[in-house]
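Below is one structure; the comments refer to it alone.
The values are calculated or read from the model by the stated rules, or taken from the named source; none is laboratory data. Bear in mind the structure is a predicted one, so any value in this text is a computation, not a measurement. Glycine also receives a Cβ, built like all others from the backbone with ideal geometry; neighbour counts cover every protein chain displayed.
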Amino acid sequence: MQRQIPLILCLIFGIFMIVQFFVPHPYSQRAYEVVLRWVRIISIFALVLGVGSLVLYHSNKIKRKVSGWGFSIVTLVSAIITTLVGLLGVNWLDGKLVFFKGIGKSSVLQIFFQNIFVPVNSTMFAMLAFYMASAAYRAFRARTKEATLLLIAAFFVMLGMVPIGSAISPRLPEFAEWILSVPNLAAKRGILFGIALGGIATSLKIILGIERGWLGGGK
Amino acid sequence: MRVFEALAKIDRKIIFLILAVVIIVPLIKPIGLISKASTRAKAVFDAVESIPPGKPLMISIDFDPGSMPELYPMLLAILRHAFARDVKVIVLGLWLTGMGLGEQALTTVASEYSKKYGVDYVFLGWRSGVLPVVLGMGEDIKKTFPTDYYGTPLESLAMMSNIRNYRDIPFFISLSAGDPGMNTWIAYAQARYGLKMGAGTTAVSAADAYPYLQTGQLTGLLGGMKGAAEYEFLVKERGYSKEISQATQAMDSQSLAHLLILILIVLGNIGYLFIRKQTKKLGGAR
């Protein structure tokens, strides 16, 4: 029964949503709105689950003193402080901390975001540029015909996509655009069709109860 | 032989150092390479230009500070364009970590044009669940976002009185760094509700947008920092803003960085091909 009810619900709602898409009647629209509201409510539980599992995972790491447990303390303390600061609407106004003033420009949440999260997150991604330059130098070698083709395409797209490319020759951006609009487009479209057909097949398997992995608990 | 070996095995520390110099120097002393607008960027600009004053433009912040150099200048330029033309603006986002950037951009640009919150622009913020949010707004924005980012009921905001769903949005732009983002809006808002939309993406994901440009599901595209610089160029050309153009300034660095990487790739291949030739020769001699 524990598995039968979710499977029946999945079948009913799956078929309903497919049929509903093609029926523009007001009753169908109203039913669709009700379903959407339910989905919104249910999706909030994902947030609760996420927070719960984050706390549980890091608490266990701290308890067991697993390697890197210090970082778990940082994670939990940061999460608690950020949540409290947001919930209590802590603001920094005229050199004083005031509460329940929302999460606008002067909020401590925004100050944290601008002065901690933005620099840390940006630094992490900025470092990627250096690794990518080094990786491109090492990996882009004309070892095979395919690699040579990739190398030539990358060469023209990289040069054509920056102003220095058009300064070298106005034809370069045009050629880069052609690579993106013709060979890239053809390949992307093929991939997209593949993904879409795979998505339809998987969805049908889930609706019809053939694919049951989403129920969890193995066989 | 040694020279070619050295070319094929340049130490990564040297690469890092040269790249740092190539990026930093143009930021301090700009070269002034101009990014003229491509047809894709012009299409986004024209779509915003065609919104009648008083009607809303909706922007979704689907990125976080990691993609800030490419997408944040787009957000600023689009906001400046809209506010200069008295177009109302609705901002929301599918990435929670991007909401602080929305707050920052709106506060900055709104004060430049003396725009009032609730009358000229609204910040909806973020709601949990991606699909219910995107699909829900197609039915009723106020039911999906009963309150804005600051907790103010949407019903109480003057600007939202005549806006119910996507039918009241003449143009929408997703500034997207990945998923959820442009693809989500195309699949659920454009395909289902016919929302007219454009996109701004990171350079690395610009190629993903081309199938949708060809089908007309995307009106236009701002691809990476170049796209942002192109939009800044158009906004300045029409005299909508005199502010410093972040992306245009950074394009010099990006141009030189691309050039450096290409030179390195060419040098690496010269070294590699020479060594391969020599190895084959030696193998043949044996």
- Kindly indicate which of A:Ile8, A:Ile81, A:Ile44 is under 21 Å from B:Gly151 (Cβ atoms), more than 14 Å from every other protein chain (Cβ to nearest Cβ) and out of contact with any helix residue (DSSP H, G or I) (no Cβ under 7 Å at 6 or more places or on another chain). A:Ile81
- Query: Going by the conditions given, is A:Phe21 closer than 30 Å to B:Ile141 by Cβ and over 25 Å from the mean Cα position of the chain (by Cα)?
  - Reply: yes
- Note on the structure: Taking the stretch B:250-286 and keeping only residues that are in a helix (DSSP H, G or I) and of a type in the set (D, E, K, R), one is left with B:Asp252, B:Arg276, B:Lys277, B:Lys280, B:Lys281
- Item | Residue check, B:Gly268 over 30 Å from A:Arg141 (Cβ atoms) and either out of contact with any helix residue (DSSP H, G or I) (no Cβ under 7 Å at 6 or more places or on another chain) or surrounded by fewer than 23 Cβ atoms within 10 Å (Cβ to Cβ) (or both) | no
- Mind counting the residues in the stretch B:238-265 that are among the aliphatic types (A, V, I, L, M) and surrounded by fewer than 16 Cβ atoms within 10 Å (Cβ to Cβ)? 2
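Residues are listed down the side, and each one gets a yes or a no for (1) among the basic types (Lys, Arg); (2) closer than 23 Å to B:Leu213 by Cα:
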| site | (1), (2) |
| --- | --- |
| A:Val98 | no, no |
| A:Arg138 | yes, no |
| A:Ala142 | no, no |
| A:Lys145 | yes, no |
| A:Gly160 | no, yes |
| A:Phe175 | no, yes |
| A:Leu180 | no, yes |
- Is it fair to say A:Leu49 is outside the structural domain of A:Trp214 (by TED's automatic domain parsing), farther than 30 Å from B:Ala105 by Cβ and in contact with a His (Cβ under 6 Å, 6 or more places away or on another chain)? no
- Message: Pairs please, first residue from the stretch A:112-134 and among the hydrophobic types (A, V, I, L, M, F, W, C), second anywhere and loosely packed, with under 15 Cβ neighbours inside 10 Å and part of a helix (DSSP H, G or I), Cβ atoms under 8 Å, 6+ apart in sequence or on different chains.
- Response: A:Phe130/B:Ala20
- Can you name every residue in the stretch B:86-112 that is within 21 Å of B:Ser50 (Cα to Cα) and buried (at least 17 other Cβ atoms within 10 Å of the Cβ)? B:Val87, B:Lys88, B:Val89, B:Ile90, B:Val91, B:Val109, B:Ala110
